[in-house]
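Reviewing the structure listed below.
The values are calculated or read from the model by the stated rules, or taken from the named source; none is laboratory data. None of these values were measured; they are calculated from a predicted model. Using ideal geometry, Cβ is built from the backbone for each residue, glycine included, and neighbour counts are taken over all protein chains shown. The area values use the complete protein model at the heavy-atom level, side chains included, leaving out ligands, DNA and RNA. Shrake-Rupley method; radii C 1.70, N 1.55, O 1.52, S 1.80 Å.
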Amino acid sequence: MGFLLSKLLPLGLYPLGLALVLQLVGLAGRRRRWGPWLSGGGVLLLWIAAMPYTSRQLVWGLEEPAAFLTPAVIPRADAVVVLGGGLRPALP
């Protein structure tokens with residue numbers, strides 16, 4: 001149950017999921033005065049999340065701390081090791 005909740009809960013908190021939930025609650029709401037406000041809030045949330053300025057600000061917050069890191073010198077190697085695989089069963 002915890003695994004399923006950990007996978008589904010973030011989907012409802014991301015802007016697209018939250019906007020869809022607000023739209024559905026606004027459309028199916030029994031109180032007529034709150035319905036249009038919730039639907040409008042869902043559209044407004046989706047519009048703000050889709051604007052280029054918002055995405056630039058969010059990416060800047062992630063990239064700025066990493067801008068000052070300098071990579072160490074990578075030594076030369078004679079071989080390359082590829083980790084991974086095991087996606088298909090072993091052949092007979």
Does at least one position in segment 61-72 carry a residue that is outside any helix (DSSP H, G or I) and among the β-branched types (Val, Ile, Thr)? yes
Output the qualifying pairs, or none if there are none: Cβ atoms under 7 angstrom, residues six or more apart or on different chains, first residue in segment 1-30 and among the charged types (D, E, K, R), second residue assigned to a helix (DSSP H, G or I). none
Qualifying residues in segment 27-47 (those that are among the small types (Gly, Ala, Ser) and part of a helix (DSSP H, G or I)) - the one most open to solvent (accessible area, probe 1.4 Å): Ala28
Which pairs do you get when a residue that is over 8 Å from Ala19 (Cα atoms), found in segment 36-58, comes within reach of a residue that is open to solvent by 70 Å² or more (accessible area, probe 1.4 Å) and modelled with pLDDT under 90, reach meaning Cβ atoms under 6 angstrom, with the pair 6+ apart or on two chains? Leu38/Val25
All conditions in (1) modelled with pLDDT of 90 or more; (2) over 19 Å from the mean Cα position of the chain (by Cα); (3) not β-branched (Val, Ile, Thr) are true of Leu45 except (2)
Within segment 48-92, restricting attention to residues that are among the hydroxyl-bearing types (Ser, Thr, Tyr) and under 30 Å from Pro15 (Cβ atoms), which residue is surrounded by the most Cβ atoms within 10 Å (Cβ to Cβ)? Thr54
